[in-house]
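Below is one structure, written out as structure tokens; the observations come after it.
The values are calculated or read from the model by the stated rules, or taken from the named source; none is laboratory data. Treat the numbers as computed from the prediction; the structure is a model and nothing was measured. So basically every Cβ, Gly included, is an ideal-geometry build from the backbone, and we count neighbours across all protein chains shown. Surface accessibility is based on the protein's heavy atoms, side chains included, excluding ligands, DNA and RNA. Shrake-Rupley method; radii C 1.70, N 1.55, O 1.52, S 1.80 Å.
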Amino acid sequence: MMKTKLTELLNIQYPIIQGAMAWVSDGKLAGAVSAAGGAGTIAAGGRTAQWVKEQIEIARGITDKPFGVNIMLMAANCDEIVDVVCEAKVAYATLGAGNPVPYFEKLHNAGIKVIPVIPNVKLAKRVADKGADALIIEGMEAGGHIGKLTTMALMTQVIPEVDIPVVVAGGIAEGRGLAAALVMGAAGVQMGTRFYASEECTVHINAKNKIVEAIDTDTVVTGALHGHAVRGIQNQMTNKYLTLEKEGASESELEKLVIGTSRKAPVDGDVDWGLVQAGQSLTVINELKSCSEIIESIVAEAKKALADVQRYI
Ligand SMILES: Cc1cc2nc3c(=O)[nH]c(=O)nc-3n(C[C@H](O)[C@H](O)[C@H](O)COP(=O)(O)O)c2cc1C
């Protein structure tokens with residue numbers, strides 16, 4: 001048990017959210033994380049409403065503890081997915097890639113906690129004013145689609161500005177990261193990459209192995225010049241992309257190279273031409289562990305780190 005404003009809000013044991021990962025985090029992973037005392041999130045990005053419905057059922061088959069769904073607001077079927085989520089009354093929805101405010105009322109009316117993912121102070125204040133229950137700040141160390149600020153810069157500047165619980169994401173992979181976030185005034189952390197390399201994660205083993213083998217310097221960012229920066233592990237596809245980008249290739253030419261790659265690595269296992277999206281804290285992720293081992297060790301490390309720093313007082 002580790003009590004924070006986040007654990008109270010979501011009625012969970014530990015202040016750890018498994019971040020949504022499109023084509024990676026399904027009902028089985030989310031259910032396993034929630035069963036272990038964290039909060040698992042099903043990623044609806046790229047999926048049909050029916051798939052989301054089925055994954056909610058799968059998670060419910062694993063645990064009766066709270067879990068959530070991440071809704072990509074730019075998705076064409078976003079409204080349909082919001083309906084499924086409202087009907088299923090999951091514990092919370094994380095919202096990204098678009099303006100989350102218009103969805104607050106509907107989700108709240110269904111009894112769902114609303115947690116937008118936010119890239120800067122201005123948007124953090126806006127969603128807090130409009131009634132978000134908590135928010136996630138995600139630094140550019142994170143895997144997947146990223147903003148411009150680092151986790152430290154966001155913690156420094158967002159946390160003092162809002163009264164709602166702040167969850168920190170981006171580059172957190174072990175217990176000292178959780179301790180650091182709590183010391184900065186956060187209510188918890190969200191981790192993606194660490195849970196990608198978990199036993200319960202259902203993706204292709206090639207993609208998980210890529211994360212286990214990779215080290216701190218192995219990620220690159222594609223798409224930064226065209227406003228959709230994505231962090232993933234360097235491979236043949238990213239090398240070609242970045243070479244073409246340097247040579248001034250057109251946006252459509254670059255787009256051709258990346259289309260479908262977020263699926264190709266985790267689903268098909270093609271880690272050369274697909275993209276294993278991952279954050280920068282990779283050296284410390286050197287084995288596949290169960291979700292409960294991940295959570296238990298992070299909480300134990302965080303408690304130790306917090307106890308150790310007491311000596312400076
Ligand atoms: C493979 C992958 C896919 C992701 N897909 C999504 C997504 O669909 N929606 C979202 O809000 N965040 C997405 N993220 C971000 C994660 O939810 C989380 O914030 C991020 O992984 C935290 O940084 P970390 O990877 O260093 O732990 C993704 C991250 C990864 C690694």
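A few notes on this one:
- Convex hull of alpha carbon positions in segment 70-219: directionally averaged projected area 9.6 nm².
- Computed from the C-beta positions of residue 48 and residue 290, the FRET efficiency with R₀ = 25 Å rounds to 0.30.
- Within the accessible area of segment 205-268 (1.4 Å probe), percent carbon and sulfur: 50 percent
- The per residue volume of the convex hull around the alpha-carbon atoms of the chain is 123 Å³.
- Rounded accessible area of residue 178 (nearest 10 Å², 1.4 Å probe): 0 Å²
- Spin-label model, residue 89 to residue 156: label points 7 Å out along the Cα-to-beta-carbon direction sit 4.5 nm apart.
- Antiparallel DSSP beta bridges within the chain, as percent of all bridges there, nearest 5: 20 percent
- Residue with peak Gaussian network fluctuation, the chain [Cα springs, cutoff 10 Å], from 85, 33, 168: 85
- For 252, 292, the ranking by accessible surface with the largest value first comes to 252, 292, using a 1.4 Å probe.
- Given charges at beta-carbon only (K, R positive; D, E negative), |dipole| of the chain in Debye: 580 debye
- For the chain, adding -39500 (n - 2.57) for each run of n ≥ 4 DSSP H residues and dividing by the number of residues yields -11500 deg cm²/dmol at 222 nm.
- Between residue 244 and residue 205, the modelled labels are 3.2 nm apart [label points 7 Å from Cα along Cα→Cβ].
- Proximal lysine pairs, segment 205-268, alpha carbons under 23 Å, eight or more residues apart or interchain: 8
- For 308, 129, the ranking by accessible surface with the largest value first comes to 129, 308, using a 1.4 Å probe.
- Sparse packing (at most 10 other Cβ atoms within 10 Å of the Cβ) combined with a DSSP loop state is found for the following GluC sites (Glu not before Pro) in segment 258-313: 287.
- Shown for segment 175-224 is the translational diffusion coefficient from the Stokes-Einstein equation, using the Kirkwood radius over Cα pairs, a temperature of 37 °C and a viscosity of 0.692 mPa s: 250 µm²/s.
- Here's how it looks for residue 67: its modeled amide H is under 5 Å from those of 91, 92, which are all 5 or more places away or on a different chain.
- Across segment 100-117, coupling constants 3J(HN,Hα) worked out from phi with the 6.51/-1.76/1.60 Karplus curve, θ = phi - 60°, read x, 4, x, 9, 4, 4, 4, 5, 4, 4, 8, x, 9, 6, 10, 10, x, 9 Hz, and Gly and Pro carry x.
- Electrostatic dipole magnitude of segment 215-313 [Cβ: Lys, Arg +1; Asp, Glu -1; Cα centre; debye, to 20]: 260 debye
- Largest to smallest accessible area among 163, 26, 268 [probe 1.4 Å]: 163, 268, 26
- Probe 1.4 Å - accessible area at residue 65, Å² to nearest ten: 80 Å²
- The residues of the chain present an accessible area of 44 Å² per residue when probed at 1.4 Å with all protein chains retained.
- Within segment 222-266, GluC sites (Glu not before Pro) in DSSP loop having at most 14 other beta-carbon neighbours inside 10 Å: 247
- For segment 197-270, size of Cβ-based charge dipole, Lys and Arg +1, Asp and Glu -1, in debye: 80 debye
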